[in-house]
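Visitor: Quick one: the structure is below, questions incoming.
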Amino acid sequence: MDKFVVRGGNPLLGTIKVSGAKNSALPCMAAAILTEDEVILENIPQVRDIETERKLLEAMGATCELGYGRAQHRTTIQCAVLSDPEAKYEIVKTMRASSLVLGPLVARTGMARVAVPGGCAIGGRPIDLHLKGLELMGANITQEHGYIEARTERLKGAHILFDKITVTGTEDLLMAAVLADGETVMENCAQEPEVTDLAAMLAGMGAQIQGAGSSTIRVQGVSKLHGVKHRINPDRIEAGTFLVAGAISGGDLNVDCCNPQHLAAVIAKLEECGVRLDVGKDSIRVRSEGKLKAADMATVEYPGFPTDMQAQFMALATQCEGTSVVTENIFENRFMHVSELSRMGANIKVDGRTATVRGKTPLQSAAVMCSDLRASASLVLAALIADGETILDRVYHIDRGYERIEEKLRGVGAQIRRMGEVFGKR
Ligand code: EPU
C-alpha cells in the first residue's frame, strides 16, 4: 500500500493545474451506455475511479479505451453490444458511483442488475431514491442475493419529486428519462455543475432536456441517441483543495484551468477567513499574507458550500484565529479526518453533525491514516504545514479522485513523495 511522506513548512509558489472533474466524468462515462455509437470524452482525469468505471463498462461488453501519451485525458467508449448488463459486487463495493449505470442500462436494454452498494466511511449512502424514480417510470424492481434487478419493456415518462436532493440520483434518472417514452418532469433535483455537465453531453447525443442546473428538469424522451465528443468540466473540488493549499501554506499560488463560477461558495468562505483571492476567467490566484480569521461553515447542496470541501476547510480552520463551527448537513459520518487532525495537534470537538475547531494551533507531524478521499486531502493539507515529516498511510483513497496530487504539489514547492511499502515481508 502506497504512503505519502510530507515534510511541512514550504509555502506553495507558482502555477498548479486542475484536472477534469471525476464526478462529472463518472456519469458521462455511464451515459455512453445510452448509444451504440462511439463516445469520446476529453479532459478525463487519470484517477483510480475512472479505471474502475472502465472495468465496469468492459465487464458489460463495452469497449473503453483510456488514452495515453498526448491523448492521456481522452477516453473512447463504445457500447455497441451490452452482453452482460450487470454491475458486479466486486466493482460496486469499491465504487458506490457504479450505481450510475442502473438508469442508462434499463433505458437502453430494458434490464439491469446492480449490486446493492453497502455503507461506506462517510455514511449509509442508500440508492432508494434512484429505485423509486425508476419504479415511477414503470420499471419492475426486485432485490435478491444482494443484487437489485430492474426490468421493463420501455421506460415511460413520469413525474418524479425527489424526497431529498441527490446528485447521482438526479444523474441516474436523467439518463433513464432521455430514452423513456414521453415527458419526465423531475423536481427537487441536484443543481451541481456535474449534473449540468452530464446534461450538456446528453444534449450533444440528441437528448431533449430543459432546466438542468435548476431544481426542475424536464425531459422529452427520444427513441435513439447518437455518439458525441464531449469535454469534461474542470474539477471544482480539486481546485478548491489547491486554493486551501495555497492559503494554508502562506504561499502565492495560481490555480489554473478551473471554473471560478463553480467555486463561488468556497471563494466567499476563504475570503471571510482573510485569504486574498484574485479571480480570473479560468484561474484563481491565492495568497495569504496576514492572519487567518475563524469562520463558521455549513455544508449544503450546490450552490452552497460543498460537503466535498468540508474536510479541507477544517484543516484550514485549525490555522485560523478563533473558533470555527463546521456543520456537516449532507452525510451522517463525514468527520473521520477529525481524529487524525487532532493527533497532529488540532483542537477539534465533535458533537453530532457539528465540529468546533479552536485555532490557531501549531500542527506536528505524525503517522496518520487516510479514511476516505476528501479526508485524505485534508491530511495532506495539514501535513504541508506540520512541523516535521508526516507519513500518510492508505493513500489509495486519495488516488481515487486526485490525479497525481503529489506530483502537482511538488511542482509548486511542496516536499511530498510517494513511497511503496516501507517494511518488507519477513
Ligand atoms: N440519499 C438517500 N437516498 C438516495 C440517494 C441519496 O437517502 O437514494 C442521501 C445520502 O445518503 C446523502 C444525501 O442523500 O445523505 C446526498 O447524497 P447524494 O446522493 O447527493 O450523494 P452521491 O450522489 O452518492 C455525490 C458525489 C459525492 C458527493 C455527494 C454530495 C459522485 C460520484 N459522488 O455522491 O462525492 O459528496 O454527491 O455532493 O458524484 C467525493 O467525490 O468524495 C464524493 C463523496
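Visitor: Taking +1 at the Cβ of each Lys and Arg and -1 at the Cβ of each Asp and Glu, which of L379, T15, P362 sits farthest along the dipole of the chain towards its positive end, judged by Cα position relative to the Cα centre?
Guide: Checking the options against the dipole of the chain, the answer is P362.
Visitor: Which angle between 0 and 90 degrees, to the nearest 10, do you get for helix 193-204 versus the longest principal axis of the chain when only C-alpha atoms count?
Guide: Helix 193-204 sits roughly 30 degrees off the main axis of the chain.
Visitor: Follow-up. Positive end of the dipole of the range 43-142, charges at C-beta (+1 Lys, Arg; -1 Asp, Glu), about the Cα centre: which of H130, G67, T109 has its Cα farthest in that direction?
Guide: G67
Visitor: Going by Cα centres, the range 394-414 and the range 44-85 are how many Å apart?
Guide: If we compute the Cα centre of each part, the gap is 22 Å.
Visitor: I want the antiparallel fraction of DSSP beta bridges within the range 318-405, as a percent rounded to 5.
Guide: Within the range 318-405, antiparallel bridges account for around 75 percent of the total.
Visitor: At a 10 Å Cβ-Cβ cut-off, how would you order H337, H130, H73, fewest neighbours first?
Guide: Ascending Cβ contact count within 10 Å gives the list H73, H130, H337.
Visitor: Only bridges whose two residues both fall in the chain count here: according to DSSP, what percent of them are antiparallel, nearest 5?
Guide: Restricted to the chain, the bridges split so that about 70 percent are antiparallel.
Visitor: Now for a separate question. Just to compare against my own numbers: the Cα pair-distance distribution for the range 142-181, 10 Å bins, whole % per bin, please.
Guide: The percentages, shortest bin first, are 23, 46, 31, 0.
Visitor: Here's something else I'd like to know. Give the order of L134, L373, L129 when sorted by the count of other beta carbons within 10 angstrom, beginning with the fewest.
Guide: Details: L134 27, L373 23, L129 20.
Exposure proxy ranking, most exposed first: L129, L373, L134.
Visitor: Shifting gears a bit: For the ranges 236-245, 51-60, what's the packing order if you count other beta-carbon atoms within 10 Å of each residue, average per peptide, and put the highest first?
Guide: Highest-to-lowest ranking by the protection proxy: 236-245, 51-60.
Visitor: I'd like the distance separating the alpha-carbon centroids of the range 91-143 and the range 217-240, in whole Å.
Guide: 19
Visitor: Sort the following peptides by mean Cβ neighbour count (other Cβ atoms within 10 Å, averaged over residues), highest first: 39-45, 404-410.
Guide: 39-45, 404-410
Visitor: Still on this structure: How much net charge surrounds S371 when only the other residues with a Cβ under 9 Å from the Cβ of S371 are counted, with Lys and Arg +1 and Asp and Glu -1?
Guide: In short, -1.
Visitor: Using only the alpha-carbon atoms, how far is helix 236-248 inclined from the longest principal axis of the chain? Give it as 0 to 90 degrees, nearest 10.
Guide: That works out to roughly 0 degrees.
Visitor: Among D393, D282, D372, which comes first, second and so on when ranked by fewest other beta-carbon atoms within 10 Å?
Guide: Working: D393 17, D282 13, D372 21.
Ascending number of Cβ neighbours within 10 Å: D282, D393, D372.
Visitor: Here is a further query. Highest first, please rank the peptides 179-186, 191-198, 312-319 by the mean number of other Cβ atoms sitting within 10 Å of their residues.
Guide: 312-319, 191-198, 179-186
Visitor: Still on this structure, please answer the following. Any idea how far the Cα center of the range 159-198 sits from the one of the range 262-291, in Å?
Guide: Rounded to whole Å, the Cα centres lie 32 Å apart.
Visitor: Kirkwood Rh, the range 1-109, all Cα pairs: how many Å?
Guide: Computed over the range 1-109, the radius equals 15.2 Å.
Visitor: While we're looking at this one, here's another question. Only helical DSSP H runs with n ≥ 4 go in: add -39500 (n - 2.57) per run for the chain, normalise by residue count and round the 222 nm mean residue ellipticity to 500 deg cm²/dmol. It would help to have the intermediate numbers written out before the result.
Guide: Details: 14 runs with 128 residues, N = 426.
One gets -8500 deg cm²/dmol as the mean residue ellipticity at 222 nm.
A short reminder: the numbers here are calculations on the coordinates, not readings from a lab. Remember, it's a predicted structure, so these values are computed and weren't measured experimentally. For neighbour counting, all protein chains shown are included, and Cβ atoms are generated from backbone atoms with ideal geometry for every residue, glycine included.
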